[in-house]
Amino acid sequence: MPVMRFFSKVAKQALLSTPGCGCQPLTVAVRNISFSPRQVTSDASFHSVSFSETDHPKVLITGGLGQLGVGLAKLLRKRYGKNNVILSDIRKPPNSVFHSGPFIYSDILDYKNLREIVVNNRITWLVHYSALLSAVGEANVALARSVNITGLHNILDIAAEHGLRLFVPSTIGAFGPSSPRNPTPDLCVQRPRTIYGVSKVHAELMGEYYHHRYGLDFRCLRYPGIISADSMPGGGTTDYAVQIFHDAIKTGKFECNLRPDTRLPMMYIDDCLRATLEVMEAPAETLSMRTYNINAMSFTPEELAQELQKQMPELEVTYEVDPVRQAIADSWPMNFDDSNARKDWAWKHDYDLPELVQTMLNFFGSETRMARFN
Ligand SMILES: NC(=O)C1=CN([C@@H]2O[C@H](COP(=O)(O)OP(=O)(O)OC[C@H]3O[C@@H](n4cnc5c(N)ncnc54)[C@H](O)[C@@H]3O)[C@@H](O)[C@H]2O)C=CC1
Ligand SMILES: CC(=O)[C@H](N)C(=O)O
């Protein structure tokens, strides 16, 4: 039977086998027939090779030049080998990144190019980092909707078509003012008030749909605000918690754009990237869910400033509230309940607030000493 007719027969079966007719819904295991949910085109690759588990994964990271991607590439290259992790983005990489391992241009809105990259590089895992974050998304809703939603659809279809293991991060921003805020559990009302949050809830729901309908190995962690020393945040509401360190070292003064009592879940980047690796390596049978909260600490700008001033008593902190970011922060969780991640795949954070501040100052301290030396 010609391939196309076979697939249209399977597709018909799959569509007809709704629970209502009493027959079992046909979960199309992508690995077997690599059926793409997108309209099958004549050049669809029907026989994507799925690698045995013993092979190292071949990883593609989209949106890899942001706050998190370069650090993730470093971690995964250490584990799987430099040439098994391809970093991609739509921006030019700095020399240090370009010479640290494979980098390619990839616009997630270019479905065809993305498919070529996945096929030509025999990708088996995809980490989808491309996005517009909360504050920058509110400043450009149309672009955020395109990148965060249309881009995601391309990623889901390609991952399903080629049997990839897919990681898509969600966020504390996937909750809204009607969600329980202290703590916020994995499963509760999610009515976020930003295009960022709406797009991330969509990502969670679509990823889980593709998992149940097409057998896609979709994994998702809701990240808190991530704090890093050697990379800058990309335009979110929690960016103040990174900026304070840079300004404290540079000028000894910091103007915070959130109210001093604004409590938000936060995490040091090393914990975030290790959690991502651990959930990607977790045996599927340990995952009772496909979307998990992960938590490390929650603090307010005032508490962060006080911890910093223990080591830098001269630091001056003032407050000039940004109403857009404040409204977003006031709709987000104050504390995250991550008990399911800790139960299912033994998640455990390493950095609390004192360790975070010490680690960040050590980095800047060494950087400052390096600068003086040079
Ligand atoms: N950094 C954080 O605090 C948190 C991040 N996350 C999620 O983690 C992921 C990575 O976050 P960050 O690195 O902080 O983001 P970022 O904003 O720093 O970087 C996002 C990257 O996406 C790229 N991008 C934009 N449009 C693109 C397109 N059409 N095609 C390909 N790439 C495109 C940008 O060039 C940028 O390098 C995002 O999905 C974000 O939602 C979730 C919660 C917290
Ligand atoms: C918490 C996030 O998702 C991000 N840092 C943002 O503030 O938008």
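A few comments on the model shown:
- Filtering segment 93-128 to residues that are part of a loop (DSSP other than H, G, I, E, B), in contact with a helix residue (DSSP H, G or I) (Cβ under 8 Å, 6 or more places away or on another chain) and farther than 21 Å from E161 by Cα leaves S100, G101, P102.
- Scanning segment 157-194 for residues being more than 15 Å from ligand 1 (Cβ to nearest atom) and touching a Gly at 6+ places or on another chain (Cβ under 6 Å) gives a total of 2.
- Of all residues in segment 192-212 being among the hydrophobic types (A, V, I, L, M, F, W, C) and within 16 Å of ligand 2 (Cβ to nearest atom), the one that is surrounded by the most Cβ atoms within 10 Å (Cβ to Cβ): A203
- Annotation: L187 fulfils all but one of (1) surrounded by fewer than 21 Cβ atoms within 10 Å (Cβ to Cβ); (2) within 16 Å of ligand 2 (Cβ to nearest atom); (3) assigned to a loop (DSSP other than H, G, I, E, B); the unmet one is (2).
- Within segment 216-238, considering residues that are hydrophobic (A, V, I, L, M, F, W, C) and touching a Lys or Arg at 6+ places or on another chain (Cβ under 7 Å), the one nearest to G163 (Cα to Cα): F218
- Complete set of residues in segment 230-251 that are surrounded by fewer than 20 Cβ atoms within 10 Å (Cβ to Cβ) and away from ligand 2 (no atom under 14 Å from the Cβ): D230, H246, D247, I249, K250, T251
- If you filter segment 148-184 down to residues that are in a loop (DSSP other than H, G, I, E, B) and of a type in the set (A, V, I, L, M, F, W, C), you find that the one that is farthest from P265 (Cα to Cα) is L164.
- Note on segment 277-315: residues that are under 26 Å from W347 (Cα atoms) and part of a loop (DSSP other than H, G, I, E, B) amount to 10.
Each reported figure results from applying straightforward, stated rules to the coordinates on display, with no laboratory input. The structure presented is a predicted model; accordingly, all values stated were derived computationally and were not measured. Heads up, the Cβs are rebuilt from the backbone with ideal geometry, glycines too, and the neighbour counts pull from every protein chain shown.
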